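The values are calculated or read from the model by the stated rules, or taken from the named source; none is laboratory data. For clarity, every value in this text was computed on a predicted model and none was experimentally measured. Note that we place each Cβ from the backbone using ideal geometry, even for glycine, and neighbour counts take in every protein chain shown. Protein only, heavy atoms only, side chains kept; ligands, DNA and RNA dropped before computing areas. Shrake-Rupley method; radii C 1.70, N 1.55, O 1.52, S 1.80 Å.
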Amino acid sequence: MKLLKPSWVSHHGKPIFSVDIHPDGTKFATGGQGEDSGKVMIWNMAPVLREEDEKNEDVHKMLCQMDNHLACVNCVRWSNNGLYLASGGDDKLVMVWKRAAFIGPSTVFGSSSKLANVEQWRCVTILRNHTGDVMDVAWSPHDVWLASCSVDNTIVIWNARKFPEMVTCLRGHTGLVKGLTWDPVGKYVASQADDHSLKVWRTVDWQMEANITKPFNECGGTTHVLRLSWSPDGQYLVSAHAMNNSGPTAQIVERDGWKTNMDFVGHRKAVTVVKFNPKIFKKKQKNGSSNKPSCPYCCCAVGSKDRSLSVWLTSLKRPLVVIHDLFDKSIMDISWTLTGLGMLVCSMDGTVAYLDFSLDELGDPLSEEEKNSIHQNIYGKSMAITNTEAQLSTTIIENPEMLKYQQQRQTSTQTNSAPGTVGPESSAPKLNSVMNGESLEDIRKNLLKKQVETRTADGRRRITPLCIAQLDTGDFSPALFNSVPILPSGSSMSNQLTPHLSSDSSPGQPSSLGFRPSHDPMLTSPPANSLKALEDNNEGVKSTLLLTSASKIEPIKALDSRFTERSKATPGLTAAITSTAGLTALDSRAKESSSTPAQKECKLKEDTSSDSEDKMASINKNLMYSKRKPELMIDGGEVVEKRKKGRPRKEKMTTSMVQSFTQIIPPSEQETRVSVPPSAVAALRLPTPSTQKAFSLQVSMEPSVFLEVENEVTVVAGSKLSQLRCSKDGRDWNTLLPSSVVTAAGSSDLIAVASEDRMLSVFSSCGRRLLPAIQLATPVSALHCTAHFVMVVTAGATLSVWDVQKQKALVRNESLQSILSGTDTSVSQSLLTQQGVPVVGLSNGKSFCFSSSLETWSLIADKADSLVQCADFRGCLSSHDAPVSSGPLAVMQGRYLNAGRLASRLSSTPHHMQQSMTLAFLENQLASALTLQSGQEYRYWLLIYSRFLVNEGSEHRLRELCKELLGPVHTSATTSWEPTTVGFRKRELLREVLPVIGENLRFQRLFTEYQDQLELLRNK
Amino acid sequence: MAKVQVLNVAVLDNPSPFRNPFQFEITFECMEDLPEDLEWKIIYVGSAESEEYDQILDSVLVGPVPAGRHMFVFQADAPNTGLIPESDAVGVTVVLITCTYRSQEFIRIGYYVNNEYTDPELRENPPIKPDYTQLQRNILASNPRVTRFHINWEGSAERMEDSENVDPSSNSMLPPSCLPGKAPPIGILPDNSMDCL
């Protein structure tokens, strides 16, 4: 064992109450008392581990300090994933910190430059609920919850996924709660308090599982903390301060029945902290010794008020090592490295000690897999796999199919993250600091002129500050922290704006965080040697200035007090008075005056860089513009199509469906629509096409079918006849009609024409009349044919659909009243799907289809729907299936869907809100596709929906979906389950959904369950 | 914790002639929307000897302050030379920027200011009556002295409770001396012995 006390780890002599090593072992945090506040500090681990790093001045020792806590910090804890740091203090607050990317080293404003923060940790959430000092915080396994305990006798469980949401508040202690620990499998959380009790709480219902008081009955006096710990195998819980035969002990509580038969004895004063080594060990195999399997054991460190530290192995009856006089005061906290071989201990005396063990001393640590299998053996698989990703990396993949999908997913994520593919999402947040194409630098230059200044009623000046960043957008310019006007922020800001900048600055390389050479040569920061020259210059100036102002030192001392003196109006809180040396002030003054030429130089540089930013902005605008163009083209295209009525189309159209709806409203009728009063309340009237002398249209592409109509051609005995001519694949047929044809439509199977006398005639594709002429009540407004369906919207606002094959009405004179009523909306679009479902689009942006089975109008699309605006499912779009652009749903929703996606990028909806919106939107889409009987679209949205559920982890919905698709495994006469839906076999759909589920290891149970059942059914 | 953190103060137009207005570009960050305005003051210390020569150059209200990062330029006229003792006109003095919320000062930023004649001749033989037109004001912008005070950011009801937090009881628990340098060598005890048993 090696022991080191790194003297540079200190809070300037103030007590250090807590220490925690980052899971990746590269840094550690300390918490304690600061000058006049609580203090959290983050330190580099490398100088602790290696002497050469300690001596190397380029290796930063302190990485960051945070003075934000108002009062002493009692506990600091890293989340298991290492992304967050939680700290709790006497100010009743729990703060959660996150590393801010993009920000280079900076100083806290007003502190001396030596204490530069190499890393920036920002407080992302403040958790307020406690009414007393927070004594301990603990992250649950997999960072699902964060627990905090306080002298207000409560324990608060926070939802670590949705800070600052509170899950529950555990009440029951009658004294100050001073320690917390989670069961490694996440089933329990245990707390110890001054009320002479240790309580175990269930995480299932947050009720008390056990209340252990016996070992604590004799306890007298108080300790500052009572940090208890759970063994990594979950079998034992070891308390802090307990008593046995009037001797202080650390009580061992067995998980099995919460028995208290054993304890760690030997410390002379109360035990303050117990910390289990995260590893489980087994005896080191020695050469020549028999290979009998040894029982795995745990290792535990115990710190006490008697200033000594003992380390125990559960396989030994005596401690492995006891260290006395390591500190001058009580031990406050212990933290092991994740490797299990290193340990940091901190003390009230403000020092920290590092202990380094060897494998010979502790034994061979079990691998994570072995540890996991121990958990599985003891607690079963379901307990070992709690629903989180973090641990899933260690989860055993039980199903070969699952393995396949997992690998697929990995390769796809790798290709996605390949360099050069800068997604729109990743570049978006970086542009936050540019407002309206104006860089922060431009703003700063004109701030005085631009800022809004008003006078209050009593004549005082009031300035409205310029908001330069929202709080949640994360990362801002670092260099603003420096005091020199404009100069450094220029280079760093532009650094931030360079789109190539990635956020993956790896930990342990703090130097890479500094001024990164940017890609644009213009933006590089001034070379180091020029700065050096400046410094040399300073030396001379400094000495002369010192001479001239030496006589002024006396008054400066008098002035110093003014810096810290509080204005008289404030309530009398004691202010810490910092001592100052006037000489240093003058030094820097010298630097200041001599650096003016350098500033000018840098200002020049700065100008060029802001120029280049302008350029970037204009390029962005160009990009925006060109993006818009295709949209305009589409619009134009539609207009052109409408005008081309007069002659046969030459260009091929994508589908007959699109064709049929572009034909609805010929240009001539536009005026009629305007002239017709839109809602004459009693009699709704829809516009009708006017009679033309002749017209032609293509009704189908495959095979290509052209219709030509010539009205009033042949005059036989004074009567006029109309001719309908049709050419299909070069074969022509024609027929005569007694009245002028107003409108015509067709599909590959049918031709339908409506004539002036309100007659509807239907012919086969070869010209055979299929139905006798149908008399309509009012003239035809719109006519559609798809497959063997004919749809008519009459001027009297009724809708009919016939199935010509079955000679049956699907929809009979259904009034549009219900969807048109009230507002002055009109029908802007109508179409008939391949399945014979009529769809009507209205001018107010809503689209309805008539469901003949439900006999109701169903809303399928609403352009004003805010769900569409905010739904964000881009992450669930698969590159494999192209979006269905031709389905009725897509036609009716069209480009608005895309607009919605863009809108979601712009809005800053909180994640859980957006998640619910997206869920609701996707479910709408599914239901609409189902009602429209649009199979392809149903399949498309089903896959997106299931991918979304898998991503967001909604197991209940997923299960219900699978259940519905699988149907009953055994069929009986009473089974009413339909094996198909919208033309798909449901089980085939399930077969497609399962791989999606397989991408998330969390759902491997669900995956296996349904995979097995599908196999079973297939073999039947 | 303090709801408002001052991130930076940039001294603009510095050095400048004595009669030019002071300009400070202040950047601050606010944790949450503030219901009331912040009040900023610039105080010029006329003489080190006595506070009676302090001049409040200007005070402004700044608001509304929603959560986020903000900046503004605080401009205030140069001090009234008539109120400055003639002996203290040339030399080092101090300018203070303070900010108060609900009439409680929570930050005080101080800068040394050096007032000097630019003309070497005047510097050698300064006139008895200071010639303010020839004086140059140089604020030592690189070395701000920042003092932060705990205040009650919520309503006034909690004021007393809040002051409990500042009670330095934890401070008093230990002497200011800490252990510099390496810890004394500690012998490793033989395995499996614990003499405190």
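Heavy-atom accessible area buried between chains B and A is around 8800 Å² (1.4 Å probe, both sides summed). Of the residues in the range A:117-143, those shielded by at least 40 Å² of accessible area once partner protein chains are present, compared with the chain alone at a 1.4 Å probe, are A:Arg128.
Per 0.36 nm of contour for each residue apart, how much would the distance between A:Cys766 and A:Asn377 grow if the chain were fully extended, relative to their Cα-Cα spacing?
Net length gain for the segment: 132.6 nm.
Amide H contacts of A:Trp158: A:Leu146, A:Ala147, A:Ser148, A:Val167, each under 5 Å away and 5 or more positions distant or on a separate chain (H built 1.01 Å from N in the peptide plane; Pro and chain starts excluded). As a calculated quantity, the FRET efficiency between A:Met1 and A:Lys98 at R0 = 30 Å, using C-beta atoms, amounts to about 0.30. Computed from phi, the 3J(HN,Hα) profile of the range B:47-61 under the Karplus parametrisation 6.51, -1.76, 1.60 (θ = phi - 60°) reads 8, 5, 6, 8, 6, 5, 8, 5, 10, 7, 5, 6, 9, 10, 8 Hz, with x in place of Gly and Pro. Shielding by partners for peptide B:59-72, expressed as the average number of C-beta atoms from other protein chains within 10 Å of each residue's C-beta, is 6. Karplus-based coupling profile of the range A:266-278, in residue order and whole Hz: x, 6, 8, 10, 4, 7, 9, 9, 10, 9, 6, 5, x, with θ = phi - 60° in 6.51 cos²θ - 1.76 cosθ + 1.60 and x standing for Gly or Pro.
Here the range A:679-835 is treated with +1 on each Lys and Arg Cβ and -1 on each Asp and Glu Cβ, and its dipole about the Cα centre works out to around 300 debye. The calculated FRET efficiency for the pair A:Glu370 and A:Ala920, based on their C-beta separation and a Förster distance of 45 Å, comes to about 0.50. A full extension of the chain between A:Asp1012 and A:Gln235 corresponds to an added length of 276.2 nm, given 0.36 nm per residue minus the alpha carbon distance. Which percent of the accessible area of the range A:183-235 is formed by carbon and sulfur heavy atoms (probe 1.4 angstrom)? Carbon-and-sulfur percentage of accessible area, whole number: 43. Mean partner shielding of peptide A:348-359, defined as the number of other chain Cβ atoms within 10 Å of each residue Cβ, is 2.
Label zone (A:Thr213, point 7 Å along Cα-to-C-beta; backbone nitrogen cut-off 13 Å) within the range A:174-197: A:174-175, A:195-197. Between A:Lys283 and B:Leu83, the simple label model (points 7 Å from Cα in the Cβ direction) yields a spacing of 8.5 nm. Highest mean packing first, where packing is the average number of other Cβ atoms within 10 Å per residue, the peptides A:835-841, A:963-969 line up as A:835-841, A:963-969. Of the trypsin sites (Lys or Arg not before Pro) found in the range A:776-861, those in coil by DSSP whose Cβ has at most 16 other Cβ atoms within 10 Å are A:Lys806. Pairs with C-alpha atoms separated by more than 29 Å, drawn from the list A:Lys98/A:Lys199; A:Lys693/A:Lys863; A:Lys214/A:Lys305; A:Lys317/A:Lys371, are A:Lys98/A:Lys199; A:Lys693/A:Lys863.
Report the gain in length on full extension from A:Lys317 to A:Cys295: 0.36 nm times residue separation, minus Cα-Cα distance, nm rounded to one decimal.
Full extension of this stretch gives 6.4 nm more.
The calculated FRET efficiency for the pair B:Gln134 and A:Arg462, based on their C-beta separation and a Förster distance of 41 Å, comes to about 0.70.
Sites listed here are chymotrypsin sites (Phe, Trp or Tyr not before Pro) in the range A:3-101 whose DSSP assignment is loop and whose Cβ has at most 15 other Cβ atoms within 10 Å: A:Trp8.
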